[in-house]
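Below is one structure; the comments refer to it alone.
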Amino acid sequence: MVVRVIALCAMLLVTSVFASHQEELLIERVDAKFSFTWLALDKTIKAHNYKAAYLQRCDFALNERHYKSDKYRILFFGKYEEMKRMSKKYPELVPFFPLKITVMEEGDHTLIIATPPIVLLPLVKTDEDRMIVFRWNEDMKSILDQVKSQYK
């Protein structure tokens, strides 16, 4: 429970920067254990033509601080060339790249949580670049939905 609160607070902090945009976190509860959800997420990200960039294991750090946690990971992913171009054009986007999905086990279920990329819209100036952000947002929703639907 504490881990869930920490994860939600961290993601809320990011979204509060753009609080006027009224987007919420994307959260799905998957009816599968962590390892199955993780494999489905990896497969689904690749199917959407994204590439995993980095895996951050958070459970060890939380355990060191005496928080009991189940499995807890953050997957960083993206389309390298797109993010490189967008970072060069909009340096203020750099802290938000690559995209992230938090995966945490909660009993017999796994939560997958992401900040919707649409919160980045206020930082993007051209219609072409806004379309990229919209596509990232739709892809993120689709990825989470497809992972969940694999275990209904």
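The values are calculated or read from the model by the stated rules, or taken from the named source; none is laboratory data. Quick caveat: nothing in here was measured; it's all calculated off a predicted structure. Cβ sites come from the backbone with ideal geometry, for glycine too, and all protein chains shown count toward neighbours.
The residues listed here are Lys125, Lys88; of these, the one that is without any contact (Cβ under 8 Å) to a residue 40 or more places away in the chain, assigned to a loop (DSSP other than H, G, I, E, B) and of a type outside the set (Val, Ile, Thr) is Lys125.
Checked against (1) in contact with a Phe, Trp or Tyr (Cβ under 8 Å, 6 or more places away or on another chain); (2) at pLDDT 50 or above; (3) surrounded by fewer than 16 Cβ atoms within 10 Å (Cβ to Cβ), Val14 passes all but condition (2). Residue-level analysis places Leu75 outside the set of residues that are part of a helix (DSSP H, G or I), surrounded by 15 or more Cβ atoms within 10 Å (Cβ to Cβ) and either in contact (Cβ under 8 Å) with a residue 24 or more places away in the chain or charged (D, E, K, R) (or both).
Yes or no: the stretch 103-117 includes at least one residue that is assigned to a helix (DSSP H, G or I) and either out of contact with any Cys (no Cβ under 8 Å at 6 or more places or on another chain) or modelled with pLDDT under 95 (or both). Yes. Quickly run through the stretch 91-106 and pick out the residues that are surrounded by fewer than 21 Cβ atoms within 10 Å (Cβ to Cβ) and either free of Cβ contacts under 8 Å to residues at least 12 places away in the same chain or of a type in the set (S, T, N, Q) (or both). The answer is Pro91, Val94, Pro95.
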